[in-house]
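Reviewing the structure listed below.
Computed from the coordinates by the stated procedures, all read-outs in this text should not be read as laboratory data. Predicted model only: the values in this text are computed from it and were never measured. Positions of Cβ are generated from backbone atoms using ideal geometry, with glycine treated the same way; all protein chains shown enter the neighbour counts.
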């Protein structure tokens, strides 16, 4: 059994605005083991990226951590000073940011931008020749010609920019990489290439990866387990195979029911109706109850706790036993 590397424990984070507090992360807990891949999925605005930025302590100035811990190798990252946290970024935990098209400074060569990240964060310090050799190896690792390090971002295609972003995230030998929508704006062929590249790198280097996406089908390709987010809360957590075979939470069920599959028997797609709630004024009880076909009076008043649903599943729902079999959708 691999040991726990990252432990998020009852994390609560709000954004302070002129209209009031936005409940971005509400009592979220999960564990990431060494060498494991976790996918966080859900609709836009459900808190996935807020969790990612919280793990790196790169949240906006109006963000406020009200409770909880983020333990990396047993150290609570929320208790570190800004300088201590800066030393942990990229060395212990790094990120493949969303939107590679806009992630690069257009007036600097790509290799120089990776070199700057290494100069700021990598320990021990390397000579110029050692840095150049390392960047060359990183480019080869992600499937790029090392000569490309001396070119500008506009000379890269979208897929090449994304690969270079992955190379930058790997530059300081992190234990964990967070990949936030790593295939956004790429065509499906390049998407698959990037995901398979990440999967191979993870296997070769033994690192842990957190994937963040609204596309649950993409997450299924590369993860060991899945966490389903809704309105700032983690509502279901389990192995990827088990969540796809038998989603327990009504939201996860409807999310998968609206996703077409080329495997298994033919089935009618079911739409996920309604809109996510306003997190300035979230619903009482279960946040999904206004859209849930299985909701009861209790769902509107009492917030469901995370409970064991068997097969390594955890689910926050009063009526998860009423959720039917999905019908043929498997990983």
ask   = Using r as the Cβ-Cβ distance of residue 217 and residue 137, and R0 as 45 Å, what FRET efficiency do you calculate, to the nearest 0.05?
value = 0.90
query = Taking every DSSP beta bridge that has both residues in the range 175-261, what percent is antiparallel when rounded to the nearest 5?
reply = 55 percent
note = In nanometres, the difference between 0.36 nm per residue of separation and the alpha-carbon distance of residue 123 and residue 273 is 49.0 nm
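To the nearest 0.05, what FRET efficiency results for residue 325 and residue 184 with a Förster distance of 35 Å applied to their C-beta separation? Each step should come with its number before you reach the end.
Numbers: r = 32 Å, r/R0 = 0.92.
Rounded to the nearest 0.05, the efficiency is 0.60.
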key: Burial ordering of 152, 294, fewest other beta-carbon atoms within 10 Å first   = 152, 294
inquiry  = Can you give me the angle between helix 110-121 and the longest principal axis of the chain, using Cα atoms only, in degrees from 0 to 90, rounded to the nearest 10?
reply    = 80 degrees
Tilt relative to the chain, helix 188-205 - C-alpha long axis, 0 to 90 degrees, to 10 = 70 degrees
Inter-site label distance for residue 302 and residue 239 at 7 Å from Cα along Cβ, in nm = 3.1 nm
task = With a Förster radius of 45 Å, plug the Cβ-Cβ distance of residue 147 and residue 10 into 1/(1 + (r/R0)^6) and report the FRET value to the nearest 0.05.
result = 0.40
ask   = Going by alpha carbons, how many degrees (0 to 90, nearest 10) lie between the helix axis of 158-170 and the longest principal axis of the chain?
value = 80 degrees
query = What percent does the relative contact order of the range 170-273 come to when contacts are Cα pairs within less than 8 Å and at least six residues apart?
reply = 18 percent
request  = Just check the range 193-283 against the gyration tensor rule for me: Cα atoms, a ≥ b ≥ c as the square roots of the eigenvalues, rounded for a/c under 1.5, and otherwise prolate or oblate depending on whether a/b exceeds b/c.
outcome  = oblate
query = In nanometres, what is the gap between the two model label sites at residue 17 and residue 102, each 7 Å from Cα along Cα-to-Cβ?
reply = 1.8 nm
key: Ascending count of other beta-carbon atoms within 10 Å, so fewest first, for 229, 85   = 85, 229
ask   = So what is the 222 nm mean residue ellipticity for the chain from helices alone, if each DSSP H run of at least 4 adds -39500 (n - 2.57) and you divide by all residues, rounding to the nearest 500 deg cm²/dmol?
value = -9000 deg cm²/dmol
key: Relative contact order of the range 280-325, defined on C-alpha pairs under 8 angstrom at six or more residues apart (%)   = 31 percent
